[in-house]
1. Just to check your reading of the model, which residue among S111, S107 is assigned to a loop (DSSP other than H, G, I, E, B) and more than 20 Å from I20 (Cβ to Cβ)?
2. Filter region 19-55 down to the residues that are acidic (D, E) and touching a Pro at 6+ places or on another chain (Cβ under 7 Å) and list them by number.
3. Looking at region 114-131, which of the residues that are of a type outside the set (S, T, N, Q) and part of a loop (DSSP other than H, G, I, E, B) is farthest from K77 (Cα to Cα)?
4. Report, by residue number, each residue of region 95-152 that is of a type in the set (S, T, Y), modelled with pLDDT of 95 or more and within 25 Å of L59 (Cα to Cα).
5. Looking at (1) free of Cβ contacts under 8 Å to residues at least 60 places away in the same chain; (2) surrounded by 12 or more Cβ atoms within 10 Å (Cβ to Cβ); (3) not hydrophobic (A, V, I, L, M, F, W, C), which is the only condition G83 fails?
6. With W58, W62 as the choices, which residue is out of contact with any Lys or Arg (no Cβ under 7 Å at 6 or more places or on another chain), surrounded by fewer than 19 Cβ atoms within 10 Å (Cβ to Cβ), more than 23 Å from F131 (Cβ to Cβ) and among the aromatic types (F, W, Y)?
7. Please go through region 84-98 and give me each residue that is under 15 Å from the mean Cα position of the chain (by Cα) and part of a helix (DSSP H, G or I), ordered by number.
8. Identify, from the list Y124, Y144, the residue that is free of Cβ contacts under 8 Å to residues at least 60 places away in the same chain, surrounded by 17 or more Cβ atoms within 10 Å (Cβ to Cβ) and among the aromatic types (F, W, Y).
Amino acid sequence: MPTSDPKTLGAPASSLLPPILLVEDNPADVDLTLRAFARRKFANPVQVARDGEEALAWLPRWEAGEVLPLMILLDLKLPRVSGLEVLRAFKAHPLCRSVPVVILTSSNDNSDIRTAYDLGANSYIVKPVDFVKFMEVAAQIELYWGVLNKQP
């Protein structure tokens with residue numbers, strides 16, 4: 001991934017660590033997530049897709065050999081293509097179906113939760129509004145998905 005890619009934030013492109021793909025349309029939530037990871041000194045670079053179409057545009061890039069993400073943090077309420085449709089496409093694709101998808105959304109709707117798990121979500125987290133609580137969530141995401149979890 002080229003260092004000039006404006007959607008890649010965090011560690012330099014030469015980093016050996018796989019990126020995290022953050023799929024989030026709200027600029028304030030993107031900023032909050034990036035600040036939380038920076039404060040935790042999370043070493044993996046963060047790539048940002050700002051809507052569902054941008055998220056799906058990663059599929060051909062991964063097919064062309066770009067490094068698959070360590071995990072995907074996916075909001076459900078996205079413009080252009082919904083988060084549930086993005087999740088469906090990612091989990092149906094043979095190349096990225098084993099990449100963990102953590103739903104990070106404001107929706108606490110039981111039907112969203114059930115549908116996300118039915119489509120293959122690995123975790124479902126309702127975004128805390130408070131920065132301190134969000135920092136705790138970022139710490140847990142980092143610890144579990146970045147350190148403890150073993151991927152195939």
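1. Sole residue among the options that is assigned to a loop (DSSP other than H, G, I, E, B) and more than 20 Å from I20 (Cβ to Cβ): S107.
2. Residues of region 19-55 that are acidic (D, E), as a first pass: 24-25, 29, 31, 51, 53-54.
Answer for region 19-55, where residues must be acidic (D, E) and touching a Pro at 6+ places or on another chain (Cβ under 7 Å): D25, D51.
3. The extreme case among them is D130.
4. T115, Y117, Y124
5. Condition not satisfied by G83: (1).
6. Working: W58 fails: surrounded by fewer than 19 Cβ atoms within 10 Å (Cβ to Cβ).
Within the list W58, W62, the selection yields W62.
7. In the first step, residues of region 84-98 are kept if they are under 15 Å from the mean Cα position of the chain (by Cα); the result is 84-91, 96-98.
Scanning region 84-98 gives L84, E85, V86, L87, R88, A89, F90, K91.
8. Exactly one of Y124, Y144 is free of Cβ contacts under 8 Å to residues at least 60 places away in the same chain, surrounded by 17 or more Cβ atoms within 10 Å (Cβ to Cβ) and among the aromatic types (F, W, Y), namely Y124.
The values are calculated or read from the model by the stated rules, or taken from the named source; none is laboratory data. These figures come from a predicted structure and were not determined experimentally. Ideal geometry is used to build each Cβ from the backbone, glycine not excepted, and the neighbour counts take in all protein chains shown.
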